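Inspection log for the structure reproduced underneath, given as structure tokens.
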Amino acid sequence: GDFEKGLAYIYGSFSLVSQSDPGSADINVGDAGASELVRQYMVLNEMSVGSLKCVWGDTYVADLQNNSWTTAPNDALIAVYTRCMMIVTRSNEFLLQSDKKIDMEGIKELRAEARFLRSLGYYILLDLFGNPPFALPENIGGALPTQIGREGLFNWIESELKAIISGEDGEALPNKGSVAYPRADKGAAQAVLARMYLNAEVYTGTAQWGEAAEYATKVIGSGFVLSDNYKELFMADNGENPETRKEIIFPLRQDGIRTKSYGGSFFLVAATRIA
């Protein structure tokens, strides 16, 4: 129904640049392809430390690699920050509207997914920017959000992910295999917690290695196993391959028909090869 479409809109925020075509962005950057979240999240994480190469000649990549900052906006920074805040806002709007239909069949499961997507957006902001505005549904049309600090945001994300894993407030993510691919399940939330705990000392000042191991073990225990054919993970039909589906925890689907952009897996393959 309409709520499922609204949830799909939030999922699309991770891999699409607009609702129309891959050549037009819904945020203000110089090039639409440079506004896709997966692409620029990869750039900020990997290209800024020389782990990848990009042969497309994008000047903002060179600025990141050389730490040569100017007053000119950097497309990667703008795209990641803006799109993550858009994910938070769209999730908050979904939660605000769905709360009015809380007795509708299946709505609590959809709300758990929206809470996961919001938490993932906040995790990226926590990791890369530290202390973003902290917005909740009540800020839609209300007071401007405040900031709660990096440690405060870490604690909130941790609490939120644990809540939708356990379903303590009636809104629980599904178990692996009980929701249509590529939607999030408990394993996705556990994986985000494991990643967040790995850098807990950076975020909060206190290391949490035991918790990182605990939640990595939970991911494995929820049914995810390594694929027997590593190369098949990177093929176009990996979402239809039962062998690769065993390993994929949280996919962002791009089928080249309905979901197209100059980011995502297209960027990861094409931008590192000289034609």
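Segment 213-231 and segment 1-57 have Cα centres separated by 27 Å.
What net charge do the residues around residue 227 carry, taking every other residue with its C-beta under 14 Å from that of residue 227, with Lys and Arg at +1 and Asp and Glu at -1? Could the numbers behind the result be given before it?
Numbers: positive: 231, 245, 246; negative: 228, 232, 237, 240, 243, 247.
After counting each charged neighbour, the total is -3.
Here the label points at residue 249 and residue 168, each 7 Å from Cα along the C-beta direction, are separated by 2.1 nm in the simple model. The accessible-area ordering, largest first, of the residues 181, 81 stands as 81, 181, per a 1.4 angstrom probe.
Relative contact order of segment 1-134, taken over Cα pairs closer than 8 Å and 6 or more residues apart, is 26 percent.
Largest accessible area first, the residues 98, 20 order themselves as 20, 98 under a 1.4 Å probe with ligands, DNA and RNA left out. Enter the Cα centre distance for the pair segment 65-80 and segment 104-131, rounded to the nearest angstrom. Using only Cα atoms, the two centres lie 26 Å from each other.
For segment 87-139, with all protein chains in place and a probe radius of 1.4 Å, 49% of the accessible heavy-atom surface sits on carbon or sulfur. In this structure segment 133-247 gives 54 Å² per residue of accessible area when probed at 1.4 Å with all protein chains present. Label-to-label distance for residue 207 and residue 31 is 4.1 nm, based on points extended 7 Å past Cα in the beta-carbon direction. Restricting segment 209-275 to trypsin sites (Lys or Arg not before Pro) that sit in a DSSP loop and have at most 11 other Cβ atoms within 10 Å of their own Cβ leaves 258, 273. Give me the lysines in straight-line cross-link reach of residue 186: C-alpha distance below 18 Å, same-chain residues under 8 apart excluded. Filter leaves 108, 162, 176, 218, 246.
Suppose R0 equals 51 Å. What FRET efficiency, 1/(1 + (r/R0)^6) with r the Cβ-Cβ distance, do residue 229 and residue 143 give to the nearest 0.05? Numbers along the way, then the final one.
Details: r = 52 Å, r/R0 = 1.03.
So the FRET efficiency works out to roughly 0.45.
Loop-located GluC sites (Glu not before Pro) in segment 87-124 (DSSP state not H, G, I, E or B) with no more than 12 neighbouring Cβ atoms inside 10 Å: 105. Based on every Cα atom in segment 146-275, Rg and the maximum pairwise Cα distance Dmax equal 17.2, 53 Å. Heavy-atom surface analysis with a 1.4 Å probe gives segment 215-266 a carbon and sulfur content of 57 percent of its accessible area. On the beta carbon distance between residue 5 and residue 65, with R0 = 30 Å, the FRET formula returns roughly 0.15. Using the Karplus relation 6.51 cos²θ - 1.76 cosθ + 1.60 with θ = phi - 60°, the per-residue 3J(HN,Hα) values for segment 137-153 come to x, 5, 7, 5, x, x, 5, 5, x, 9, 10, 10, x, 5, 5, x, 5 Hz, with x marking Gly and Pro.
Summary of packing: across the peptides 65-74, 132-141, 32-41, the per-residue average of other C-beta atoms within 10 Å ranks them, highest first, as 32-41, 132-141, 65-74. Solvent exposure of segment 1-113 amounts to 50 Å² per residue of accessible area, where only protein heavy atoms count and the probe is 1.4 Å. Semi-axes of the equivalent ellipsoid for segment 210-259, computed as √(5λ) from the eigenvalues of its C-alpha gyration tensor and ordered from largest down, come to 25, 13, 8 Å.
Atom-type composition of the exposed protein surface of segment 1-65 places 49 percent of the accessible area on carbon and sulfur (1.4 angstrom probe). Derived scalar couplings between HN and Hα for segment 243-260 equal 5, 7, 5, 5, 9, 6, 8, 9, x, 10, 6, 9, 9, x, 10, 8, 10, 10 Hz in order, rounded to whole Hz, by the Karplus curve 6.51 cos²θ - 1.76 cosθ + 1.60 (θ = phi - 60°), x for Gly and Pro.
In a fully extended conformation the segment linking residue 56 and residue 220 would gain 55.3 nm over its present Cα-Cα distance, using 0.36 nm per residue. Under 5 Å from the amide H of residue 134 lie the amide H atoms of 146, 147, 148, each residue being 5 or more positions distant or on a separate chain, with H modelled from the backbone and absent for Pro and chain starts. Calculated translational diffusion coefficient of the chain (25 °C, 0.890 mPa s; Stokes-Einstein with Kirkwood radius over alpha-carbon pairs) equals 125 µm²/s.
The Cα trace of segment 72-229 gives Rg and Dmax of 16.2, 52 Å, the first to one decimal, the second as a whole number. Each residue of segment 62-72 is assigned a 3J(HN,Hα), and the resulting list reads 4, 4, 5, 5, 9, 6, 9, 8, 10, 6, 5 Hz, derived from the Karplus form 6.51 cos²θ - 1.76 cosθ + 1.60 (θ = phi - 60°), x at Gly and Pro.
The values are calculated or read from the model by the stated rules, or taken from the named source; none is laboratory data. Everything numeric in this text was worked out from a predicted model, so none of it was measured. Heads up, the Cβs are rebuilt from the backbone with ideal geometry, glycines too, and the neighbour counts pull from every protein chain shown. Quick note on the areas: whole protein, heavy atoms, side chains included, nothing else; ligands and nucleic acids left out. Shrake-Rupley method; radii C 1.70, N 1.55, O 1.52, S 1.80 Å.
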